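See structure below.
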Amino acid sequence: MTAPSPHVDVRAPRFAAGLTSVVLAVALLTAGGWLVAAQALVFAVGALAGLRFSPYGLLFRTLVAPRLGPVREREPEAPPRFAQLVGLLFTVVGAAGYLLGAPALGAVATGLALVAALLNAATGFCLGCELYLTARRALPARTA
Amino acid sequence: MSTIGIVVLAVALAATAAAAWWQRTRNGAVRAVPDDDEEAGMAGSAAFERLGVRPADADLTVVQFSTAFCGPCRATKARLAQLQTTRPGLAVVQVDAESHLDEVRELDVRRTPTLFYLDRSGALVGRSSGAPRPDELTALVDAHAGVSG
């Protein structure tokens with residue numbers, strides 16, 4: 001946290017959230033457990049390796065960004081990267097639900113991930129980022 | 001087509017629309033703090049004191065809680081810094097929420113950014129969760145720490 005975090009084009013996470021929403025909506029309609037698992041893998045790469053390596057980020061840089069014009073604004077990577085981790089948790093539960101014979105659990109977890117992704121795509125609001133503190137303060141105090 | 005999938009999708013779309021509406025209209029709105037909540041007020045002032053807040057030094061002191069995973073915190077911080085350049089009566093205290101979890105619990109901070117607004121007497125005149133709207137923030141600052149004639 002002391003090292004300066006890399007910066008990303010603000011439009012990249014919005015694009016990724018939009019694509020994620022489409023993937024999760026299709027997965028819900030088809031009860032596609034493997035599709036949810038694929039999305040979980042995309043989240044895992046973004047969360048663990050960094051947004052530079054995220055497949056959706058790559059797609060944005062190579063196909064979308066050249067058509068949109070120059071970068072106008074950049075933001076630190078940490079908030080959208082944390083959002084990938086939140087997405088990963090929900091999609092892992094969703095994929096496990098579908099693939100291990102609990103389709104209702106699969107659908108609900110996938111639906112929750114969809115709400116967060118769609119809200120991010122539509123308004124730029126990062127639900128997981130804002131509620132991070134709620135989760136953090138529930139853990140035992142470790143006041144520095 | 002999965003029936004349960006269609007139902008969940010419909011609920012998810014409705015929930016997203018409701019959340020987007022709420023985010024547009026209510027997010028970051030400044031709420032008044034009820035006077036009768038005296039016990040909470042006392043606990044709050046002790047927490048502010050530990051954070052190094054000195055309300056007596058300025059007309060209005062804004063205390064902002066942020067985390068590293070918070071995009072809107074940056075924009076709010078920049079806006080407050082900008083307001084400070086033209087309003088000498090405004091003081092700003094930036095708090096890293098994660099390293100002050102005791103105060104976070106005492107003041108019941110759940111999201112970031114959360115802002116507290118204190119007048120010169122140390123009374124809490126309001127609080128807001130989420131990035132405040134620029135015009136509302138400016139109006140509140142001017143009401144307490146504006147350039148007076």
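Rule-based calculations on the coordinates, nothing more; no lab input. Every value quoted in this text rests on a predicted model; they were computed, and no experiment measured them. No Cβ is skipped: glycine too gets one built from the backbone with ideal geometry, and neighbour counts run over all protein chains shown.
Note on chain A: percent of Cα-Cα distances in each 5 Å bin, starting at 0 and stopping at the bin with the largest distance, equals 2, 10, 19, 21, 19, 14, 9, 5, 2, 0. Under a 5 Å amide H cut-off, with hydrogens placed 1.01 Å from N, B:VAL92 pairs with B:VAL62 among residues at least 5 apart or on other chains.
Computed packing ranks the peptides B:12-19, A:23-30 as A:23-30, B:12-19, most packed first, by mean other Cβ atoms within 10 Å. Full extension of the chain between B:ALA15 and B:ALA32 gives 3.4 nm of extra length, using 0.36 nm per residue less the Cα-Cα distance. Working note: Karplus 6.51/-1.76/1.60 with θ = phi - 60° gives the range B:103-119 the couplings 5, 4, 6, 4, 8, 6, 8, 10, 10, 10, x, 10, 10, 10, 10, 10, 8 Hz, where Gly and Pro are set to x. What the pair-distance distribution of the range B:80-119 shows, using all Cα-Cα distances binned every 5 Å from zero, is 6, 19, 27, 20, 14, 12, 3 percent. Evaluated at q = 0.07, 0.08, 0.10 Å⁻¹, a Debye calculation over the C-alpha positions of the protein assembly as shown (equal weights, vacuum) places log10 I(q)/I(0) at -0.31, -0.41, -0.62. The GluC sites (Glu not before Pro) of the range A:70-132 that meet both conditions, a loop assignment by DSSP and at most 11 other Cβ atoms within 10 Å of the site Cβ, are A:GLU73. The relative contact order of the range A:7-138, computed from alpha carbon pairs under 8 Å that lie at least 6 residues apart in sequence, is 34 percent. Extending 7 Å from the Cα toward the beta-carbon at both B:THR3 and A:LEU48 defines two label points whose distance is 3.8 nm.
Run lengths n ≥ 4 of DSSP H only: what is the helix-derived mean residue ellipticity at 222 nm for chain B, with -39500 (n - 2.57) per run over all residues, to the nearest 500?
About -15000 deg cm²/dmol.
Restriction of the trypsin sites (Lys or Arg not before Pro) in the range A:71-130 to DSSP coil positions whose beta-carbon has at most 16 other beta-carbons within 10 angstrom yields A:ARG72.
Applying the Kirkwood pairwise sum to the alpha-carbon positions of the range B:31-145 produces a hydrodynamic radius of 14.1 angstrom. Distances between placed amide hydrogens fall under 5 Å for B:ALA123 paired with no residue 5 or more residues away or on another chain. For chain B, the longest principal axis of the C-alpha atoms and the axis of helix B:3-25 are separated by about 20°.
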